[in-house]
Amino acid sequence: MRQKVIIGNWKMNNDKKETEDLLLKLSKINCKKEIKVKVSPSYVNLESAVKILENSPIEVVAQNMHYEEQGAYTGEISYKMLKCINVNSVIIGHSERRMIFSENDDIIKRKINTALNNEMDVIICFGESLEDRNKKKHIEIISKQLDVIISDLKINQWKQIILAYEPIWAIGTGVNATPKQAQEIHKHVRAEIAIAFNKSLADSVPILYGGSLKPNNSEEIFSKPDIDGGLIGGASLSFEDFNSIIKSIDKK
Ligand code: 13P
């Protein structure tokens, strides 16, 4: 059975106190072993998040990192800095990084390589724009993005990888992909991994959906066979909503 995963991406939200209050509430929830819960606070709150969640199975994830180990990169953070505060997972390729911060395929690829080569787990995001979907090019675009992500991967690196399909038009808009639309992409991605590697590996990779996931749509979206959980923005800022989404994956 594939790992079920729920990740809260808090983006540039929550100051120190808000972060700690939310983490304290989350640290008390009982989640089943087969459900992996992760949260991704801002850089400045990562260290306190690790401390607060010390005795909880919830894991702390960075929202970004640089591909170099150190050097003259003002404002950037390296994998070494993350690892020395016990943050061992990172989100890479989020569409906000691609679009607002001009991260291209080359940058994303380098970041993925650096993370994987330094024993970090990686949540790799991809997804089409509304224009791509309206032109019915979404499958083609997803295949291209996926190709960049997986082309040089080695089989043994897949255990460090979680994929996250996040259609850009669904992020923060309140318009989620329908369960059928998301399932179509997830199934396609799994099929491509099976062709590039093998079916049993493809069947083992967790593929999450992200984009306006809320307590009122998560159960139906998670019920689809190739959807293994969610990467949640807005709703993960509310303890009640996030907890309710965590509970809904349990019904899968
Ligand atoms: P929303 O859940 O706010 O749409 O954000 C999704 C997302 O970008 C998670 O990474």
Qualifying positions in region 117-150 - touching a helix residue (DSSP H, G or I) at 6+ places or on another chain (Cβ under 8 Å), over 21 Å from ASP228 (Cα atoms) and not in a helix (DSSP H, G or I): ASN118, GLU119, SER129
Residues of region 117-129 satisfying the condition of being open to solvent by 10 Å² or more (accessible area, probe 1.4 Å) and either touching a strand residue (DSSP E or B) at 6+ places or on another chain (Cβ under 8 Å) or closer than 16 Å to LYS144 by Cα (or both): ASP121, SER129
Pairs returned, first residue in region 193-214 that is farther than 13 Å from LEU163 by Cβ and within 16 Å of the ligand (Cβ to nearest atom), second residue that is among the hydroxyl-bearing types (Ser, Thr, Tyr) and open to solvent by 20 Å² or more (accessible area, probe 1.4 Å), beta-carbon separation under 8 angstrom, 6 or more apart or interchain, are GLY211/THR173; SER212/THR173
Name the residue that is nearest to the ligand (Cβ to nearest atom), counting only residues in region 158-184 that are of a type in the set (Val, Ile, Thr) and open to solvent by 50 Å² or more (accessible area, probe 1.4 Å). THR173
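Go through LYS187, LYS154 for me and flag whichever is of a type outside the set (Gly, Ala, Ser), open to solvent by 40 Å² or more (accessible area, probe 1.4 Å), free of Cβ contacts under 8 Å to residues at least 24 places away in the same chain and more than 16 Å from the ligand (Cβ to nearest atom). Outline the logic, then answer.
Numbers: LYS187 fails: free of Cβ contacts under 8 Å to residues at least 24 places away in the same chain.
On inspection, the qualifying residue turns out to be LYS154.
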Checking the structure you have, find out if any residue of region 205-217 is crowded, with 16+ Cβ neighbours inside 10 Å and assigned to a helix (DSSP H, G or I). no
Taking region 226-239 and keeping only residues that are open to solvent by 10 Å² or more (accessible area, probe 1.4 Å) and within 15 Å of the ligand (Cβ to nearest atom), one is left with GLY233, GLY234, LEU237, SER238
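When you look at ALA72, is it open to solvent by 60 Å² or more (accessible area, probe 1.4 Å), among the small types (Gly, Ala, Ser) and on the phi < 0 side of the Ramachandran plot, yes or no? Please lay out each step first, then the result.
Values: open to solvent by 60 Å² or more (accessible area, probe 1.4 Å): yes; among the small types (Gly, Ala, Ser): yes; on the phi < 0 side of the Ramachandran plot: yes.
It is true that ALA72 is open to solvent by 60 Å² or more (accessible area, probe 1.4 Å), among the small types (Gly, Ala, Ser) and on the phi < 0 side of the Ramachandran plot.
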Can you confirm whether region 168-178 contains a residue that is touching a residue at least 40 places away in the same chain (Cβ under 8 Å) and more than 30 Å from ARG110 (Cβ to Cβ)? yes
In region 1-37, what residues are surrounded by fewer than 22 Cβ atoms within 10 Å (Cβ to Cβ) and among the basic types (Lys, Arg)? ARG2, LYS11, LYS16, LYS17, LYS25, LYS28, LYS32, LYS33, LYS36
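The values are calculated or read from the model by the stated rules, or taken from the named source; none is laboratory data. Small disclaimer: the values here were computed from a predicted structure and weren't measured. Virtual Cβ from ideal backbone geometry, glycine too; neighbours counted across all protein chains shown. Note: areas computed on protein heavy atoms with side chains; ligands, DNA, RNA excluded. Shrake-Rupley method; radii C 1.70, N 1.55, O 1.52, S 1.80 Å.
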